[in-house]
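The values are calculated or read from the model by the stated rules, or taken from the named source; none is laboratory data. Just so it is clear, the structure is predicted and the values come from calculations on it, not from any experiment. Ideal geometry is used to build each Cβ from the backbone, glycine not excepted, and the neighbour counts take in all protein chains shown. These area figures cover heavy atoms from the full protein model, side chains too; ligands, DNA and RNA do not enter into them. Shrake-Rupley method; radii C 1.70, N 1.55, O 1.52, S 1.80 Å.
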Amino acid sequence: MLAVERRKQILEALKAEKRVYVSSLSRAFSVSEETIRRDLERLESEGLVSRAYGGAIFKEDEHEETPYDIRKRSGVLEKGVIAKQVASLIHDGEYIILDESSTSFFVAKELKEKKNLTIITNSMEIIREIASVQGWNVLCTGGALRSSAPSFAGHQAESMVRSYHVDKAILSSGSLDIRAGFTDRHEDTALIKRAMMASARQVILAVDHAKFDKIAFAKIGDISQVSTIVTDVEPSERWKEALDKLGVQLMYEKNVGGMKK
């Protein structure tokens, strides 16, 4: 394997796991630890990683979106925890919107035992995942294909979503802040998620703990517009108090927070 290919794979592992170790990389690539150290030095010089004792950590760029295939492989346990809880809120025969997020992809997998669902989504990955489920009515928004993810956005997608009325919209977001609301890096995804919210009686926001107390470029909505927030671990007391005041149901692993007032 060429050094450039090895460094590319190391970077992909860093984006997915956030931290790598020299010893494990040495075994994985069958090269010396010194070779791995040189690879990490090179990646650090390019501003992509920060070296730490025994390995390196991924240097986050808040303005750069992690590729979808990496997002789908990262945080699998957390997304699984969230997806199971979201699935418990969905009942047979309901009309559901799923956004294009990797979290919604995991939710779609958990919903397969439900009967007679109608699913609207702008995600090509979700369409592929649920296409063979018997007894479901599946609708794809169509629209402009996004280059950064296998999904659709734009006016055609928004118009399609707004022409329907559903029971629940299941969304995720890149960031979540009590005052700023929930936000995304890209305006086109924020716009279609707003359309999804407008078409739903209830909005379920599925976000892992790392999204809390962060703000991204484009606003999707206010916390008060959400019916339920589903996450993987217990948020801080500040968050629990704020959601209780807003009447937003909170769900997290091994516990269900205050119910919607």
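What the table shows:
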item	result
Electrostatic dipole magnitude of the chain [Cβ: Lys, Arg +1; Asp, Glu -1; Cα centre; debye, to 20]	320 debye
Accessible surface, segment 74-132, averaged per residue in Å² (probe 1.4 Å)	39 Å²
Label-point separation in nm, residue 5 to residue 84, each point 7 Å along Cα→Cβ	3.9 nm
Computed magnitude of the charge dipole of segment 77-120 (debye, nearest 20; Cβ of K, R +1, Cβ of D, E -1)	160 debye
Given charges at beta-carbon only (K, R positive; D, E negative), |dipole| of segment 11-55 in Debye	120 debye
Shape of segment 73-154, Cα gyration tensor, a/c cut at 1.5	oblate
Prolate/oblate/rounded call for segment 122-261, Cα gyration tensor, a/c under 1.5 rounded	prolate
Euclidean distance between Cα centres, segment 91-107 to segment 181-226, Å	15 Å
Rough spin-label spacing in nm, given labels placed 7 Å along Cα→Cβ, for residue 92 and residue 118	1.8 nm
MRE, 222 nm, helices only [DSSP H, n ≥ 4, -39500 (n - 2.57), over the chain, to nearest 500]	-11000 deg cm²/dmol
Selection from 143, 186, 116, by position along the positive dipole direction of the chain (Cβ)	116
Segment 150-213: relative contact order as a whole-number percent, Cα under 8 Å and 6+ apart	46 percent
q = 0.07, 0.17 Å⁻¹, the chain: log10 I(q)/I(0) [Debye, one scatterer per Cα]	-0.28, -1.25
Chain lengthening between residue 18 and residue 109 when straightened (0.36 nm per residue, less Cα-Cα)	30.2 nm
FRET efficiency, residue 180 to residue 138 (Cβ-Cβ, R0 35 Å, nearest 0.05)	0.55
0 to 90° range, to nearest 10: angle between helix 187-198 axis and the chain longest Cα axis	30 degrees
Dipole axis of the chain (+1 Lys, Arg; -1 Asp, Glu on Cβ), positive-most option in 24, 9, 80	80
